[in-house]
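Read through the structure below, which is laid out as structure tokens, and then see the notes.
The values are calculated or read from the model by the stated rules, or taken from the named source; none is laboratory data. This one's a predicted model, so the numbers in the text were calculated from it and none came from an experiment. Glycine also receives a Cβ, built like all others from the backbone with ideal geometry; neighbour counts cover every protein chain displayed. Only protein heavy atoms, including side chains, enter the accessible area calculation; ligands, DNA and RNA are left aside. Shrake-Rupley method; radii C 1.70, N 1.55, O 1.52, S 1.80 Å.
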Amino acid sequence: MSPPPTGRPLPPTPPPPHLAAVALGAAAGGALRHTLSHRRSPWVVVAINIAGCGLLGAASASTALAGTGAAAAAGGRWARVPPALGPALTVGFCGGLTTFSTYVLAAGRLGGGERLAYLLVSNGGGGLAAVLGGTAVRRLGL
């Protein structure tokens, strides 16, 4: 980054809020992915990604509800949710659990029709799981 026109350096930028919670979530998600995918089957990666997308949809819907003034004003269970929990679950844990690089590597190991099936199931299944996870959380009022 270049200095401002006055020639003075810019002040240091503070770290994003909840950075430690996101890092811990990412470590846990990455460790779980590594543990589950040690068999090196590309289809294990599909299952992990679809499950992670469902969890991400559910976590996104529930943390969105937690941030509403109505939920906090009602004094319900979401009034006590720590603000770092949303980023820790969504960006951290789900980001560490599901990974585009693993998905692409696994697709590259397959050939022909199996690669196409893998890509279709991963994308379609992941998108559907995210929508269903979010819908379930909203319907349950979580």
*Is there a residue being at pLDDT below 85, open to solvent by 40 Å² or more (accessible area, probe 1.4 Å) and assigned to a helix (DSSP H, G or I) anywhere in the stretch 127-137?*
no
_With the requirement that a residue be in a helix (DSSP H, G or I), of a type in the set (Ser, Thr, Tyr) and either touching a residue at least 40 places away in the same chain (Cβ under 8 Å) or surrounded by 17 or more Cβ atoms within 10 Å (Cβ to Cβ) (or both), what does the stretch 82-105 give you?_
Thr90, Thr102, Tyr103
*asked:* Can you tell me how many residues within the stretch 25-41 are out of contact with any Phe, Trp or Tyr (no Cβ under 8 Å at 6 or more places or on another chain) and either within 17 Å of Gly126 (Cα to Cα) or of a type outside the set (A, V, I, L, M, F, W, C) (or both)?
replied: 9
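Listed here are the residues, each with its yes/no results for (1) in a loop (DSSP other than H, G, I, E, B); (2) within 29 Å of Gly134 (Cα to Cα); (3) free of Cβ contacts under 8 Å to residues at least 40 places away in the same chain; (4) more than 20 Å from the chain's Cα centre (by Cα).
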{"residue": "Leu10", "(1), (2), (3), (4)": "yes, no, yes, yes"}
{"residue": "Val22", "(1), (2), (3), (4)": "no, yes, no, no"}
{"residue": "Gly30", "(1), (2), (3), (4)": "no, yes, no, no"}
{"residue": "Ala47", "(1), (2), (3), (4)": "no, yes, yes, no"}
*Would you mind stating whether Ala61 is surrounded by 15 or more Cβ atoms within 10 Å (Cβ to Cβ), part of a helix (DSSP H, G or I) and either out of contact with any Cys (no Cβ under 6 Å at 6 or more places or on another chain) or modelled with pLDDT under 85 (or both)?*
yes
*In the list Val44, Val81, Val104, which residue meets the criterion of being modelled with pLDDT under 85 and closer than 19 Å to Val121 by Cα?*
Val104
